[in-house]
1. So which residues in region 161-185 are surrounded by fewer than 18 Cβ atoms within 10 Å (Cβ to Cβ) and not in a loop (DSSP other than H, G, I, E, B)?
2. Can you work out which of the residues in region 192-213 that are of a type outside the set (A, V, I, L, M, F, W, C) and touching a Leu at 6+ places or on another chain (Cβ under 8 Å) is modelled with the lowest pLDDT?
3. Quick check, is LEU96 part of a loop (DSSP other than H, G, I, E, B) and among the hydrophobic types (A, V, I, L, M, F, W, C)?
4. Pairs only if they're at least six apart or on different chains, beta carbon under 7 angstrom, first in region 173-198 and over 19 Å from LEU87 (Cα atoms) and assigned by TED's automatic domain parsing to the domain that holds ARG141, second polar (S, T, N, Q) and modelled with pLDDT of 95 or more; list them, first residue then second.
5. Name every residue in region 138-160 that is surrounded by 18 or more Cβ atoms within 10 Å (Cβ to Cβ) and in contact with a Ser or Thr (Cβ under 7 Å, 6 or more places away or on another chain), in order of residue number.
Amino acid sequence: MADLGQLFDIHPNLHGLNAHPTGTKSVEQMADELRKSIDQKQDEIKKVADDALGTRFGLRVTLPPMDTRDQALIVQSRLLRARSDRLRMPWPQPGLIVGPVGAPKVSAIATAGTSLPLKGCTPNFYLREGQFLSINHAGRRYIHLMADNLILDGSGNGVADVWPMLRVGLSVNDVVEIAKPMIEGLVSPGDEVSWQISVDHMASFEFTLAESA
């Protein structure tokens, strides 16, 4: 766990304030400076929280060569539309064998933080730190990774510690995709020229997909 102690490192020395030697500050001045320092620390804490809440995942994708020009045209069409209309695709986890996970769902309302309440999983299922999962809320995917190991109980329930912080309020029975997590977002602009060349030569497509919510 990150140590935020330095954000609260305020140690005013109040000893002897009433002596008022020449050139020292009054109690009122010291109190005013302390208030300003606290305000500054609160701003720093808010920035830390905002940064965590604003974390998004992205994926650089290289597709294999298309077999036909028609296939290439379809892929190009969907990638172009995905600049403004979301694209969804599986998040790769090479070498990871997830196993039979059951039918994971959100077990309780969760509005913020990093705790994800789960139900419906295979009893005693093991979730690894660094493993990805996605949450389907109101038809939109949000991807997170496990911040710690978790063994679910004998009923397939538990509370997962995830990162980054939840970016949307979750509802009971929202589907949690563990066996095949999905990233959903927009395709970044800038690769259109290479796509056109790809269509001409039926070569591979390269693009960046980044979460937008």
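1. ASP161, TRP163, VAL175, MET182
2. The first filter runs over region 192-213 and keeps only residues of a type outside the set (A, V, I, L, M, F, W, C), leaving 192, 194, 196, 198, 200-201, 204, 206, 208, 211-212.
This time we only want the ones that are touching a Leu at 6+ places or on another chain (Cβ under 8 Å), so: 192, 204, 206, 208, 212.
Values: GLU192: 69, SER204: 74, GLU206: 85, THR208: 91, SER212: 81.
Checked region 192-213; the qualifying residue modelled with the lowest pLDDT is GLU192.
3. Values: part of a loop (DSSP other than H, G, I, E, B): yes; among the hydrophobic types (A, V, I, L, M, F, W, C): yes.
Here the answer is yes, as LEU96 does meet what is asked.
4. ASP174/ASN136
5. ARG141, TYR142, ILE143, GLY156
A quick yes/no check of all residues on (1) hydrophobic (A, V, I, L, M, F, W, C); (2) modelled with pLDDT of 90 or more; (3) surrounded by 13 or more Cβ atoms within 10 Å (Cβ to Cβ):
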{"site": "THR62", "(1), (2), (3)": "no, no, no"}
{"site": "ARG69", "(1), (2), (3)": "no, no, no"}
{"site": "SER77", "(1), (2), (3)": "no, no, no"}
{"site": "PRO92", "(1), (2), (3)": "no, yes, no"}
{"site": "ILE97", "(1), (2), (3)": "yes, yes, no"}
{"site": "PRO104", "(1), (2), (3)": "no, yes, yes"}
{"site": "SER107", "(1), (2), (3)": "no, yes, yes"}
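The values are calculated or read from the model by the stated rules, or taken from the named source; none is laboratory data. As the structure is a prediction and not an experimental result, all values here were calculated from the model. Heads up, the Cβs are rebuilt from the backbone with ideal geometry, glycines too, and the neighbour counts pull from every protein chain shown.
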